[in-house]
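The values are calculated or read from the model by the stated rules, or taken from the named source; none is laboratory data. Since the model is a prediction, treat every value here as computed from it, not as a measurement. Counting neighbours? That spans all protein chains shown, and the Cβs are built from the backbone with ideal geometry, glycine included. Surface areas here come from the heavy atoms of the whole protein model, side chains and all, with no ligands, DNA or RNA. Shrake-Rupley method; radii C 1.70, N 1.55, O 1.52, S 1.80 Å.
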Amino acid sequence: MKKEQAVENLDTLITNVEAARLSISDHLIVKIVAISKYNSQEDIQTLYEAGQRAYGENKVQDLKEKSENLDDFPLEWHFVGRLQKNKINNLIDIAPSLFQSLDSLELALELNKKLAVKNKKMNCLLQINSAHEKSKAGVKPEDAISIYNEIIENCPNIVLKGVMSIGAHVEDENKIKRSFELTKNIFDSLVDKGARYCSMGMSSDYELAIKSGSNMIRVGSSLFKD
């Protein structure tokens, strides 16, 4: 990807994000996380030079390689994939800024145990399956608040920063919007528990997500297209 293209992609995305943000609030700040899983370190560096700072990977090994190889750049790394229990220690050693896809109480307890052994903490988002789709990971919306509270109580080495969800995988925009609104309602009820991020929206639906209250989007193809 050429520098000019990266600048154009980022400018277009920011323009769209701003329009969506201002349509609901002057005060909402939306964080953009570039999902770089299909892209090279050179592409990330090019996008960094265009002004993008936060990046997300969905495989622990890829996150390790890219974060180590790009260590000279002040990048913020997020892990956004399913975490297998045998990769927990590897993720802890990488120390991402945010683990966005904490998808069960069972995983939280295991992660907390291994964090405690290493005397470390990790910022996490609780993943909610707001679309009620079997193909998606995450806790059930109706269980989300109680599980969030349980993690706060029983997992002192996990610092919960909010929630994450993936919009419904359907053509019907109303159904996608409802899944986003369900997550946002849960987020609103957790703000007094320290929730800061409501991570919703990808390249195909980030504008709808922002209009539904998202303050963090995860976009790949919109930023890395040639």
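With Cβ to Cβ distances under 13 Å as the rule, what net charge do the other residues near Glu68 carry (K, R +1; D, E -1)? Please report the intermediate quantities before stating the final value.
On the way: positive: Lys64, Lys66; negative: Glu57, Asp62, Glu65, Asp71, Asp72, Asp93.
After counting each charged neighbour, the total is -4.
Taking every alpha carbon pair in the range 1-120, what does the distance histogram look like in 5 angstrom bins from 0, in percent?
2, 10, 19, 18, 16, 14, 10, 8, 3, 0
Between Asn69 and Asn16, what's the calculated FRET efficiency when r is the beta-carbon distance and R0 is 41 Å? Round to 0.05.
Working: r = 31 Å, r/R0 = 0.74.
Computed FRET efficiency for Asn69 and Asn16: 0.85.
Distance between the C-alpha centers of the range 110-126 and the range 24-39? Whole Å please.
The distance from the Cα centre of the range 110-126 to that of the range 24-39 comes to 25 Å.
Under the Karplus relation 6.51 cos²θ - 1.76 cosθ + 1.60, θ = phi - 60°, what is the ordered set of whole-Hz ³J(HN,Hα) values for the range 186-195, x standing for Gly and Pro?
Once θ is set to phi - 60°, the couplings for the range 186-195 become 5, 4, 4, 7, 10, 4, 6, 9, x, 5 Hz.
Rounded to the nearest 500 deg cm²/dmol, what is the calculated helix-only ellipticity per residue at 222 nm for the chain, with -39500 (n - 2.57) per DSSP H run of length n ≥ 4?
Details: 9 runs with 102 residues, N = 226.
It lands at -14000 deg cm²/dmol.
Of Thr46, Thr183, which has the most accessible area with a 1.4 Å probe, and how do the rest follow in descending order?
Details: Thr46 20, Thr183 0 Å².
Largest accessible area first, the list is Thr46, Thr183.
Using only the Cα atoms, work out Rg/Rh for the range 170-216, with Rh taken as the Kirkwood radius, to two decimals.
Values: Rg = 10.7 Å, Rh = 10.8 Å.
For the range 170-216, the value is 1.00.
Which lysines have a Cα less than 19 Å from the Cα of Lys118, not counting those fewer than 8 places away in the same chain?
Hits, sequence-local ones excluded: Lys64, Lys85, Lys87.
Relative to the Cα centre, what is the charge dipole magnitude of the range 1-107, using +1 at the beta carbon of each Lys and Arg, -1 at the beta carbon of each Asp and Glu, and rounding to the nearest 20 debye?
On the way: 12 positive and 18 negative charges, 75 e Å.
Computed charge dipole of the range 1-107: roughly 360 debye.
Among rounded, prolate and oblate, which fits the range 49-132 when a ≥ b ≥ c are the square roots of the eigenvalues of its C-alpha gyration tensor, a/c under 1.5 means rounded, and a/b larger than b/c means prolate? The partial results should precede the final answer.
Working: a/c = 2.12, a/b = 1.36, b/c = 1.56.
In terms of gyration-tensor shape, oblate.
In square angstrom, rounded to the nearest 10, how much accessible surface does His132 have for a 1.4 Å probe?
120 Å²
Mind checking the per residue accessible area of the range 88-162 for me, 1.4 Å probe, whole number of Å²?
Values: 3340 Å² over 75 residues.
Accessible area per residue: 45 Å².
Let me see the P(r) profile for the chain: every Cα-Cα distance counted, bins of 5 Å, each bin given as a percent of all pairs.
1, 7, 15, 18, 20, 17, 12, 7, 2, 0
Give me D for the range 47-91 in µm² s⁻¹, whole number, from Stokes-Einstein with Rh from the Kirkwood sum over alpha-carbon pairs, 10 °C and 1.306 mPa s. Walk me through the numbers on the way to the answer.
Values: Rh = 11.2 Å.
So the translational diffusion coefficient is about 141 µm²/s.
Counting only other residues whose beta carbon sits under 15 Å from that of Asn90, what net charge do I get with K and R as +1, D and E as -1? Each step should come with its number before you reach the end.
Working: positive: Lys59, Lys64, Lys66, Arg82, Lys85, Lys87, Lys114, Lys118, Lys120; negative: Glu57, Asp62, Glu65, Glu68, Asp93, Glu110.
My count for the surroundings of Asn90 gives +3.
Please compute the net charge surrounding Lys175, taking Lys and Arg as +1 and Asp and Glu as -1 over other residues with Cβ under 12 Å from its Cβ. Write down the numbers at each step before the final one.
Working: positive: Lys177, Arg178; negative: Glu133, Glu171, Asp172, Glu173, Glu181, Asp205.
Around Lys175, the charge tally is -4.
With the full set of protein chains in place, find how many percent of the accessible area of the chain is carbon and sulfur; take the probe as 1.4 Å. Walk me through the numbers before you get to the answer.
Details: 5040 of 11130 Å².
Ligands and nucleic acids excluded, carbon and sulfur reach 45 percent.
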